[in-house]
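The values are calculated or read from the model by the stated rules, or taken from the named source; none is laboratory data. All values derive from a computational prediction rather than experimental measurement. As a convention, Cβ positions derive from the backbone with ideal geometry for all residues, glycine included, and neighbour counts pool all protein chains shown.
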Amino acid sequence: MNTDLLQLQPYPFEKLRALLGGVQPAADKRAIALSIGEPKHESPAFVAKALADNLSQMAVYPTTVGLPALRQAITRWCERRFNVPSGWLDADKHVLPVNGTREALFAFTQAVVNREADGLVISPNPFYQIYEGAALLAGATPHYLACLDNNGFNPDFNAVSAETWKRCQILFLCSPGNPTGALVPMETLKKLIALADEHDFVIAADECYSELYFDEQSPPPGLLSACVELGRSDFKRCVVFHSLSKRSNLPGLRSGFVAGDAEIIKPFLLYRTYHGCAMPVQTQLASIAAWNDEEHVLANRDLYREKFDAVLEILAPVLDVQRPDGGFYLWAKVPMDDAEFCRRLFEGEHVTVVPGSYLSREVNGVNPGAGRVRMALVAPLAECVEAAQRIRAFLKG
Ligand SMILES: Cc1ncc(COP(=O)(O)O)c(C=O)c1O
């Protein structure tokens with residue numbers, strides 16, 4: 001067997017199962033899970049229809065590069081969303097469909113890391129677990145940058161040494177962040193691009209929550225918009241990851257894209273051809289419909305806005321918790337050990353949340369997720385409100 005597999009950490013949900021395994025929750029209260037980040041709003045009917053209308057495409061093998069029409073639809077979406085001037089993104093060179101960002105983040109790391117160079121894959125901490133597993137299986141060393149409240153839950157990139165940047169092969173960004181909900185500001189994105197040029201590393205910007213935000217007047221900036229502001233029309237060293245899972249409530253469709261530097265996309269396509277991760281044609285056709293429509297995305301944001309308003313009204317008086325800049329998580333500070341909080345909340349109120357320390361790694365004795373919990377506001381409004389009321393009762397009791 002591949003001995004690198006032994007380096008993989010148990011997934012946070014495995015740890016959570018172990019934590020709650022022997023605990024008997026209050027029998028009179030129905031279970032409410034704020035633990036899993038799975039969108040629960042209804043999938044758009046027109047996407048389901050496009051999928052159903054094209055089921056006959058099951059009869060054909062899809063190509064890894066995907067349909068030109070899908071890459072065109074994605075290109076137009078990037079132009080609209082990130083103000084990319086027409087002609088900068090070439091649908092044939094800069095864009096690839098992927099089966100959700102999870103597989104893409106993993107596969108991308110395998111394609112980019114040079115195993116012979118003793119390289120680092122730098123990521124925020126806490127972080128989406130795939131960054132770490134992908135780095136380990138690619139033969140790189142994960143390097144974690146703490147996201148603390150004293151820096152707006154962004155890594156302190158200024159504190160990273162030139163030696164560390166020199167060894168960096170991929171810098172993962174996650175904006176809006178999971179679990180912190182923080183955005184990487186435009187100025188920071190630009191500085192990071194300058195650092196990538198100076199030290200020759202790739203920036204992989206995981207922007208799968210980019211369409212979940214609160215202020216309709218200021219959508220989160222992305223790495224493509226930073227390239228636009230810098231006049232960087234070749235998107236050198238920059239690749240973004242987007243998904244229909246959160247934007248369009250289609251986590252089971254498995255559809256997203258990567259876009260950016262053509263010199264990276266080309267070898268990544270080669271890697272994917274061997275890896276065998278072509279998107280089924282019917283999924284591609286349904287995805288075109290989804291990327292071409294913003295109305296359902298606006299309605300989706302309205303639903304989250306309503307839930308955050310209601311839940312924060314209940315929790316803010318009793319818990320140190322803020323509205324995030326984007327995404328669908330609350331990253332709350334709790335008045336006790338985070339695992340203990342989760343265990344006791346589950347036992348007393350039958351509400352499941354994730355201990356922050358399970359989503360982070362301890363570095364130099366500090367786990368930046370310790371003392372916090374992640375709550376995903378994915379359930380329907382009434383359920384989120386009930387969960388918030390139970391958490392409030394738990395804290396007051
Ligand atoms: C930060 C982050 N990136 C990527 C993903 C993967 O999403 P998908 O594969 O559905 O696009 C998730 C899913 O929860 C996530 O939280």
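If we keep just the residues of segment 251-263 that are aliphatic (A, V, I, L, M) and within 18 Å of Ala278 (Cα to Cα), which is nearest to the ligand (Cβ to nearest atom)? It comes out as Leu253. Just checking, does segment 99-116 include any residue being at pLDDT below 95 and surrounded by fewer than 18 Cβ atoms within 10 Å (Cβ to Cβ)? Looking for residues that are at pLDDT below 95 and surrounded by fewer than 18 Cβ atoms within 10 Å (Cβ to Cβ), one finds at least one in segment 99-116, hence yes.
Do we find that Arg30 is in a helix (DSSP H, G or I) and out of contact with any Leu (no Cβ under 9 Å at 6 or more places or on another chain) in this structure?
Numbers: in a helix (DSSP H, G or I): no; out of contact with any Leu (no Cβ under 9 Å at 6 or more places or on another chain): yes.
Judged against the criteria, Arg30 is not a match.
Put simply, of Thr63, Thr109 the only residue that is among the β-branched types (Val, Ile, Thr), in contact (Cβ under 8 Å) with a residue 12 or more places away in the chain and either closer than 16 Å to Val281 by Cα or more than 16 Å from the ligand (Cβ to nearest atom) (or both) is Thr63.
With respect to the conditions (1) among the β-branched types (Val, Ile, Thr); (2) within 27 Å of Ile74 (Cβ to Cβ); (3) more than 13 Å from the ligand (Cβ to nearest atom), Val98 lacks only one, and its number is (3). The residue pairs whose first member lies in segment 266-289 and is under 12 Å from Ala48 (Cα atoms) and in contact (Cβ under 8 Å) with a residue 12 or more places away in the chain, whose second member is part of a loop (DSSP other than H, G, I, E, B) and among the polar types (S, T, N, Q), and whose beta carbons are closer than 6 Å, counting only pairs six or more residues apart or on different chains, are Gln282/Asn54; Thr283/Ser255; Leu285/Asn54; Ser287/Ser255. Among the residues of segment 221-250, those that are surrounded by fewer than 22 Cβ atoms within 10 Å (Cβ to Cβ) and either within 11 Å of the ligand (Cβ to nearest atom) or part of a helix (DSSP H, G or I) (or both) comprise Ser225, Val228, Glu229, Leu230. Screening segment 125-220 for helices (runs of 4 or more DSSP H) wholly inside it with 1 or more residues that are within 16 Å of the ligand (Cβ to nearest atom) returns the ranges 129-137.
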